[in-house]
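The values are calculated or read from the model by the stated rules, or taken from the named source; none is laboratory data. Computed from a predicted structure; not experimentally measured. Note that each Cβ is placed from the backbone with ideal geometry, even for glycine, and that neighbours are counted across all protein chains shown.
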Amino acid sequence: MNSVVRTLTDIPKIKLDPQELIRHPEWLVTNGLGGYASGTVSGAMTRRYHGLLIAAFPAPLGRMILLNDLDEEVHLPNNRIVHLSTRYGDWAEPTAELLEFRLEMGLPVWRYRIDNWILEKWLHLPYRQNTVYITYKTLDCPDEIRLKLRPLIQFRGHSDDVDAQPKDPYVLSVLEDQYQISTGNLPPLRLLIYAKGEFVIERKKIEKVRYLREEQRGYHVIGELWTPGTFVLDAVAREESTLVASTESWEIMRAMRPADALAAERDRRARLIALADSRAQSGFAAELVLAADQFITVPTGRLADQTRTHAAGDEMRTVIAGYHWFTDWGRDTMISLEGLTLVTRRFLEAGWILRNFAKSIRHGLIPNLFPEGSREGLYHTADATLWFFHAIERYVQATGDRWTLRFLLPKLIEIFEAHIRGTLFGIRVDPDDALLRQGEEGYQLTWMDAKVGDWVVTPRRGKAVEIDALWYNALRLLQKWVTEENDQKKARDIGAWADKAKDSFNRKFWCAPEGYLYDVIDGPQGDDAACRPNQLIAISLDHPILEPSRWEPVLRTVQQRLLTPFGLRSLAANHPDYKSRYFGDIRARDAAYHQGTVWAWLIGPLIDAWLKVYPEDRAGAHELLRGLIPHINEHGIGSISEVFDAERPWTPHGCIAQAWSVAEVLRCWVKTSP
């Protein structure tokens, strides 16, 4: 079995300056349920989302942090005490030297040197369990050393402020070698040790825990942790000591010994790489195959939906849009589906995702998102439903699954008819030009969806360029599908709407003075000529709405004004609303979110449009991806970030791992590879 390994040896020394800790890259391991573990390479937990076990529970709980961290001490024979990572409260520099951090098959490994001792730490989460294994192994060890592991605990929702605390006190229960921590009616945390040692009860609070990233982002900074005591373990050369933390039953926790659980997870990951497209089985692309796996999850919160799905013989799968704070979003899922599930040849799961979303259609719309801890979706989106058509077409092309297409077709016709009649949030077809209008005061319905309080930053009400490109593409796909089912009358009706929409689009959206497409027409303030990347979607889709003579000018404009090494700016720099940096509190960040900030996922439509204009230049298209290769060392290790600053040094921000960023880069890497 070939192992995919990414190693960081040039690790910045941890400084007393807290700003240095903020810049340390972060790691992420997920469990297929939406739960995860995450932190910084240095060991400092700088976000409210950082923790060693963030478990995923059914609604209304959602995801909860249970095990925040471990205070790790190494006691040497000379009575010297060494901490492996930054201690809470004083941010003192640890005395253990971090020689190396690496991802082996996407799983984090730390290697420390302490005098003449070499110690490794491994962490993994078994698939579809709310469980974490943390294993320590001494490699070079002249004498026995002692490990002291103090669990640091705060039961709270993973997006709650860091000062949130449960209403009831923590209770420690001990039965032989089983340790359980509970509070009120919340699920308990269970701890097991596979090692020679003992547990010393020493319950206390750790006060004034400072989360530096939250301070930078304008949220509450100071929290409080609780600890039940310390595991004291004896470590000798080449032997492993493992702490297991879980919300599962004791029987499940004991079902596999730590080495067997790790081997099973490594084998699962190796199968994912072996299953993927042959051009994605090594190097950078293989790492993205493992990154893609982080987003494909079982939505544990929606038990009623799971029951209905199982009754139909299917399984529930969805896509987490990004870590740490996103849930499953319809738009992100449909844009990501090809890269996450078709390039990786996870065809069965792709079908489950599409059929599951079809069952959630209301008023001719698929959900925009399912909020954390909720059983019901929100439907305020004009484009997610249109991306649904695109995802279905790519799925059928890849799998030949006509049964699913026929199963979905009545729903797709229902969507078409709802858009013609008009549906929620002002989404309706204008009968005069067959173009799709959207928008309602106080709502943000396109992918440029930043909103702070009542302020919709980029409302884009009217007829938005990518919405009508997607609408036309959906019409042509639906026309083809109903034709294949011999419904000629319905096909002619749909085709007539498509013909009219295409003619209207090319007359109305062309901004002749600028030589590119308006971003929005017929809006409350008239036509908007802001130069944005959305216009590329008029070229990139299977059925481009823009006439071919205008493809090259649009592509050239986007390349000149919006292209960066990490994706496309969301707004050209000459616009008065342009923001070059994405930073500050929530209001400052959202003001910049789609006003210049670079989005990695937009490299996908760019490359699709490039190959429409220059079909023989796959090498040139491939070169557009090169800037993202070193990036997977710098923010979320092994993954691709959500956004970047619009100017050098292109600092990454937002989610450390974003589904459509990974999906579109992986898809285009394979598409443009020899």
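Below are the figures for this structure:
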quantity	calculated
Where L225 falls short, out of the listed (1) surrounded by 15 or more Cβ atoms within 10 Å (Cβ to Cβ); (2) at positive phi	(2)
Filter pass, R63 being of a type in the set (K, R), under 20 Å from the mean Cα position of the chain (by Cα), modelled with pLDDT of 90 or more and closer than 22 Å to S639 by Cβ	yes
Residue check, R394 within 30 Å of the chain's Cα centre (by Cα), of a type outside the set (A, V, I, L, M, F, W, C) and more than 27 Å from Q595 (Cβ to Cβ)	yes
Selection from segment 642-665 of residues that are of a type in the set (D, E, K, R) and either in a helix (DSSP H, G or I) or buried (at least 24 other Cβ atoms within 10 Å of the Cβ) (or both)	E642, E664
Residue tally, condition more than 16 Å from R128 (Cα to Cα) and surrounded by 14 or more Cβ atoms within 10 Å (Cβ to Cβ), over segment 259-273	2
Pairs where the first residue, in segment 252-270, is of a type in the set (V, I, T) and the second is not in a helix (DSSP H, G or I), C-beta under 8 Å, 6+ apart	I252/Q129; I252/T131; I252/S246
In segment 452-462, residue surrounded by the fewest Cβ atoms within 10 Å (Cβ to Cβ) [restricted to those that are assigned to a strand (DSSP E or B) and out of contact with any strand residue (DSSP E or B) (no Cβ under 7 Å at 6 or more places or on another chain)]	W455
Filtered residues of segment 201-222 (kept if over 26 Å from the mean Cα position of the chain (by Cα) and surrounded by fewer than 19 Cβ atoms within 10 Å (Cβ to Cβ))	I201, E202, R203, K204, K205, E207, K208, I222
Options D71, D115, D161, D168: the member that is over 27 Å from the mean Cα position of the chain (by Cα), in the same structural domain as T242 (by TED's automatic domain parsing) and more than 21 Å from P228 (Cα to Cα)	D115
Some residue of segment 592-615 being at pLDDT below 95 and assigned to a helix (DSSP H, G or I)	yes
Residue within segment 288-301 that is in contact with a helix residue (DSSP H, G or I) (Cβ under 9 Å, 6 or more places away or on another chain) and farther than 16 Å from Y127 by Cβ present	yes
Those residues of segment 217-238 which are closer than 30 Å to A588 by Cα and of a type in the set (K, R), in sequence order	R217
Members of segment 509-529 that are among the hydrophobic types (A, V, I, L, M, F, W, C) and either crowded, with 23+ Cβ neighbours inside 10 Å or not in a strand (DSSP E or B) (or both)	F509, A512, L517, V520, I521, A529
Selected residue [of a type outside the set (S, T, Y) and either closer than 19 Å to W447 by Cβ or touching a strand residue (DSSP E or B) at 6+ places or on another chain (Cβ under 7 Å) (or both)] from R345, R308, R331	R331
Subset of segment 306-326 [at pLDDT 95 or above and either more than 13 Å from the chain's Cα centre (by Cα) or surrounded by 24 or more Cβ atoms within 10 Å (Cβ to Cβ) (or both)]	R317, T318, V319, I320, G322, Y323
Selection status of M334, modelled with pLDDT of 95 or more and either on the phi > 0 side of the Ramachandran plot or not assigned by TED's automatic domain parsing to the domain that holds W669 (or both)	yes
Every pair of residues 6+ apart whose Cβ atoms lie under 7 Å, when the first sits in segment 40-53 and is in contact (Cβ under 8 Å) with a residue 60 or more places away in the chain and in a loop (DSSP other than H, G, I, E, B) while the second is basic (K, R) and surrounded by fewer than 24 Cβ atoms within 10 Å (Cβ to Cβ)	T46/R213; R47/R213
Count - residues of segment 367-397 that are in contact with a helix residue (DSSP H, G or I) (Cβ under 7 Å, 6 or more places away or on another chain) and surrounded by fewer than 17 Cβ atoms within 10 Å (Cβ to Cβ)	1
Failed condition for W352, given (1) in a loop (DSSP other than H, G, I, E, B); (2) more than 23 Å from K463 (Cα to Cα)	(1)
Residue ranges of strands (runs of 3 or more DSSP E) in segment 139-255 with at least 3 members under 30 Å from P77 (Cβ atoms)	145-157, 189-194, 197-210, 222-235, 240-246
Residues within segment 463-489 that are buried (at least 23 other Cβ atoms within 10 Å of the Cβ) and not in a helix (DSSP H, G or I), tallied	2
Positions within segment 277-295 being outside any helix (DSSP H, G or I) and buried (at least 24 other Cβ atoms within 10 Å of the Cβ), in sequence order	Q294, F295
